[in-house]
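Q: What follows is a single structure, and I will ask about it in a moment.
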Amino acid sequence: MRVLAVTGYKPQEMGIFQPNANEIIYIKKTIENRLIGFLEGGLEWIVVSGQPGVEQWAAEVVIDLKHSWDALKLAILPPFLEQESIWPEQAQERYQRIINQADFTEAISKKPYDNPGQLRAKNDFIVMKTDALLILYSEEQEGTPRYYLQAAERKAATAHYPIYRITPDDLQQTVEDMSEELDAFEE
């Protein structure tokens, strides 16, 4: 696997309403752990559309990992031009910082938003251009990532396209591991 798409919930879908909420630390650490395993297997590119939440957090993890993994590259493929125009200011600022550090950025549709078909086209396009998907999603908690998952499942039905999941249990394990590390450090 050389090219991995990463997606997941938007912040409000996870009950996260502050841009620096503690939960983000655990989500980013879980993503980092998964990405390091893939990097050790030859991963070169991470692709996200740049939407707030898991995709922006994953992009920040990639930017940090690039200091240790010189070959790692980040691509941002927004579904349409000016996707950030409707986001809260802090999400726009975070997106700009990520865009400025990406290795490749290009909108899939060369015009601003005009219909929901652009979002489906984005999911299909990114799945078509990648070798696998890493998704933070649980069937017990519906949300927008299900559309991305459906695109990945369509591809997986006819081609080799692994779908790797980050589950609530994975996040809980990270919380426990980090808590144990902190306890050991404080002793």
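Q: So what does log10 I(q)/I(0) come out to for the range 46-95 at q = 0.27, 0.29, 0.31 Å⁻¹, using the Debye formula with one equal point on every Cα and no solvent?
A: Log10 of I(q)/I(0), two decimals: -1.02, -1.11, -1.19.
Q: Under a plain spin-label model, where a point goes 7 Å from the Cα along Cα-to-Cβ, how far apart in nm are residue 85 and residue 110?
A: 1.8 nm
Q: If you don't mind, another one. Suppose all protein chains stay in the model; what accessible area per residue would a 1.4 Å probe give for the range 1-102, in Å²?
A: Working: 4650 Å² over 102 residues.
Value returned for the range 1-102: 46 Å² of accessible area per residue.
Q: Distance in nm between label sites at residue 156 and residue 101, each 7 Å beyond Cα in the beta-carbon direction?
A: 3.0 nm
Q: Share of Cα-Cα pairs in the chain beyond 19 Å, in percent?
A: 58 percent
Q: Another one. For the chain, what does the helix formula give at 222 nm: sum of -39500 (n - 2.57) over DSSP H segments with n ≥ 4, over the residue count, nearest 500 deg cm²/dmol? Please list the in-between numbers first.
A: Values: 6 runs with 88 residues, N = 187.
Taking each H run of at least 4 residues, the total per residue is -15500 deg cm²/dmol.
Q: Using a 1.4 angstrom probe on heavy atoms only, work out the carbon and sulfur share of the accessible area of the range 74-187 in %. Intermediate values should be presented prior to the final figure.
A: Working: 3570 of 6850 Å².
Taking all protein chains in place, the range 74-187 shows 52 percent carbon and sulfur surface.
Q: Also: Averaged per residue, what accessible surface does the range 112-151 expose to a 1.4 Å probe, in Å²? Can you show the working numbers first?
A: Values: 2000 Å² over 40 residues.
With all protein chains present, the range 112-151 gives 50 Å² per residue.
Q: Further question: So what is Rg over Rh here for the range 104-187, counting just Cα atoms and using Kirkwood for Rh? Intermediate results must be reported in sequence, preceding the final value.
A: Numbers: Rg = 17.6 Å, Rh = 15.4 Å.
Across the range 104-187, the Cα-based Rg/Rh ratio is 1.14.
Q: What is the packing order of peptides 122-132, 34-44, taking the mean over residues of other C-beta atoms within 10 Å and listing the highest first? Each step should come with its number before you reach the end.
A: Details: 122-132: 19.7, 34-44: 15.2.
Per-residue Cβ counts within 10 Å, averaged per peptide and sorted highest first, yield 122-132, 34-44.
The values are calculated or read from the model by the stated rules, or taken from the named source; none is laboratory data. The structure presented is a predicted model; accordingly, all values stated were derived computationally and were not measured. Methodologically, a virtual Cβ is constructed for each residue, glycine included, from the backbone with ideal geometry; neighbour enumeration extends over all protein chains shown. With ligands, DNA and RNA removed, areas are computed over all heavy atoms of the protein, side chains included. Shrake-Rupley method; radii C 1.70, N 1.55, O 1.52, S 1.80 Å.
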